[in-house]
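**Q** Have a look at this one.
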Amino acid sequence: MGDHGDAVGDHDDAPSGGEGKQRVEAVPAVCGAHLIGGRYQLLTVIGSGGMSTVYLALDKVLNKQWAAKEIKCVEDPAMRDLIVKGIVTEANMIKRFDHPAIPRIVDIVDESGTLYVIMDYVEGRTLADVVFSMGPQPEDAVASWAIQLCDVLEYLHQLNPPVIYRDMKPSNVMLKPNGSVAVIDFGIARELHKDVEDNGLVDEDLLGTRGYAPPEQADPNRGTDVRSDVYSLGATMYCLLTGKDPANSAGELPAVRQIRPELSEGIERVVAHATQPDPDARYADCAEMAHALMHRSDEDERRHALLRCTWRTFVELAAAACVALAVGIVGTVGRVVTTNSDYDHWMEIGRQTSDASEAVAAYERAAQIKPQETDPYEGLVERFREDGTFTTDEEAELRSALLPNLDQLRSSEGYAGLAFDIGKLYWYDFGVDPAETSSLDRTTQVEGRSARIRAAVEWMGAAASDPDFKNHDLAEVYAGIAEFNQDIVPLINEGSDEGVYGPYFANLQKLVATMADSDNDVMRLETANLALDSLTTYPRKFRADDVSEKDMEALASDARRLADETSPTTPLLDAEKASALSTSDGVSQAIDDAFVDARTVQQ
């Protein structure tokens with residue numbers, strides 16, 4: 001987010017750090033205690049500059065971290081309206097973007113006249129902080145970052161209408177722990193419009209940062225276009241390679257090899273070409289600049305005639321560069337050349353967004369990028385579980401994402417855990433409607449539970465088949481119960497159900513014992529009801545399989561205690577608890593009736 005009053009003459013981006021630098025400062029008294037918008041708790045300051053302070057904030061509703069940019073309260077109503085308009089314009093613009101290197105704005109909060117912009121929290125440091133703390137950066141690293149930034153800028157320039165960023169500088173680029181970069185602060189970014197006279201795409205606002213903004217960006221008689229971003233990126237590279245502030249250079253920037261002779265002629269040529277004062281003398285676009293960076297060691301100057309490549313060509317070349325990285329050639333980690341960056345981006349979107357449909361779409365995108373990874377599917381399971389009901393539409397969505405990749409997933413280390421979690425999703429949440437379930441009659445509730453358990457059988461079986469799975473024993477219990485529910489009716493109809501009740505009873509005992517240590521109210525009450533209903537339905541069958549009256553009474557007592565010691569937090573769980581306690585009242589009689597003839601014989 002930008003301070004919307006930044007002017008070309010106001011420089012704040014020397015290599016000593018600058019606006020947007022990620023650093024932990026002395027924490028104001030407000031942090032840790034102040035809740036904004038009723039949900040965002042400000043934790044600590046992570047950056048400040050101009051009219052804004054950036055906090056790390058905890059979303060108390062989603063239990064997720066965001067960055068909260070505080071725009072200081074302005075007394076002048078006209079200025080405040082201008083700032084608010086700028087923030088809303090920026091937020092609406094960013095909503096159009098879909099790029100892993102561009103953080104999203106998710107909320108705007110007005111707290112007693114102070115505005116807070118809630119956005120993705122990007123872990124890492126700004127490149128301004130990197131060059132300040134570590135000095136001039138290695139050529140390969142700078143080239144890698146620059147190619148990634150070419151990707152972001154070219155993405156913006158290819159939008160309809162195109163967007164010109166206008167504020168590329170080290171303090172507006174975050175370096176993440178995985179080596180990828182993110183572009184922050186779109187405060188002065190603008191959509192380009194058609195110039196009536198020359199029919200070209202131009203922008204006439206005079207904003208930017210001195211030293212990084214190109215000459216035309218400070219000239220009221222000239223407009224800016226995509227080549228202005230080329231210049232700013234070149235100036236950013238100059239700073240990163242030399243540790244020098246481009247604002248301190250009069251006229252054209254010195255050649256980088258004058259400051260660091262060990263740099264290659266190729267990187268010097270790229271920086272010089274990008275920072276030409278005349279836009280017509282620069283790279284025509286960022287795709288051309290990226291190509292030049294990837295081929296900076298080429299000695300044949302005639303290749304420069306081919307640099308005017310299409311975006312499709314750029315993508316193909318970037319992919320080729322990714323292959324080259326594996327054999328030791330200078331590689332890149334831009335969006336088009338690193339699967340990890342895209343994958344991490346979509347996973348982060350899935351984890352952070354409060355919009356369930358957006359999260360599901362993000363996890364599905366991540367699964368397409370790395371179909372063998374289980375984490376995207378775990379994310380889907382978690383999202384489908386959040387509201388306590390796993391609908392048939394959600395089931396279809398999950399299966400359509402899973403089935404094409406199932407063979408790859410089965411060989412993944414985390415597959416048993418994924419299968420176990422999917423099994424539990426079916427077992428406890430499939431087809432559950434909290435608004436209706438509590439009003440259903442007992443028979444319908446029991447039938448619904450049995451259907452959910454049967455739907456879980458294939459997944460629990462898959463989890464139980466892995467002897468190295470950490471929850472293998474519990475998975476076997478679930479699988480055994482699921483198989484019983486799947487097979488029992490056909491077995492009864494065939495008259496071949498003898499011997500299946502004893503193992504089923506043993507699994508019920510294990511499940512009830514496990515849930516005694518669980519703090520999941522849904523699982524506790526479901527298990528209590530399952531055990532009590534089974535004791536009501538099958539006491540004679542249990543007896544026939546040599547289950548003692550004492551063991552049945554002990555299971556009934558444990559199941560009742562499981563329900564009794566659960567404190568429901570929803571009407572549905574209230575009904576589940578009441579149902580369990582009501583059923584338990586008749587279980588003792590059912591058990592007693594199952595053994596009445598035995599006692600008669602004994603008498």
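**Q** Hey, which aspartates and glutamates would be in cross-link range of Lys510, C-alpha to C-alpha under 12 Å, not counting anything within fewer than 8 residues on its own chain?
**A** Asp473, Glu476, Asp558
**Q** Short version: what are the Cα gyration tensor semi-axes of region 373-602, square root of 5 times each eigenvalue, largest first, in whole Å?
**A** For region 373-602, the ellipsoid semi-axes come out as 31, 21, 15 Å.
**Q** In addition: At R0 = 22 Å, how high is the FRET efficiency between Gln372 and Asp468 if r is their beta carbon distance? Nearest 0.05 is fine.
**A** My answer for the efficiency is 0.75.
**Q** Under the classification rounded if a/c is under 1.5, otherwise prolate if a/b is larger than b/c and oblate if not, where does region 437-566 fall, given a ≥ b ≥ c as square roots of the Cα gyration tensor eigenvalues?
**A** Because its axes are fairly even, with a/c under 1.5, region 437-566 counts as rounded.
**Q** Here are some pairs, Lys95/Lys169; Lys60/Lys370; Lys64/Lys470; Lys69/Lys95; which of them have Cα atoms lying more than 29 Å apart in this structure?
**A** Over 29 Å apart, Cα to Cα: Lys60/Lys370.
**Q** Name the residues whose placed amide hydrogens come within less than 5 Å of the amide hydrogen of Glu111, ignoring near sequence neighbours (fewer than 5 apart) on the same chain.
**A** Tyr116
**Q** Next question. Relative to a virtual label point 7 Å from the Cα of Asp393 in the Cα→beta-carbon direction, which members of region 339-370 show backbone nitrogen distances below 13 Å?
**A** Output list for this probe position: 356-358.
**Q** Just subtract the alpha-carbon distance of Asn63 and Ser496 from 0.36 nm times their residue separation and send over the number in nm, one decimal.
**A** Roughly 150.7 nm would be gained on extension.
**Q** By average Cβ neighbour count within 10 Å, what is the ranking of 579-592, 477-490 from highest down?
**A** Going by the mean number of other Cβ atoms within 10 Å, highest first, we get 477-490, 579-592.
**Q** Still on this structure: List the aspartates and glutamates whose alpha-carbon lies under 14 Å from that of Lys72, not counting same-chain residues fewer than 8 positions away?
**A** Reachable aspartates and glutamates: Asp3, Asp81, Asp110, Glu111.
Only the coordinates and a few stated rules stand behind these numbers; no lab work does. Here the structure is a predicted model, which is why all the values come from computation and not from measurement. Cβ: placed from backbone, ideal geometry, glycine included. Neighbour counts: every protein chain shown.
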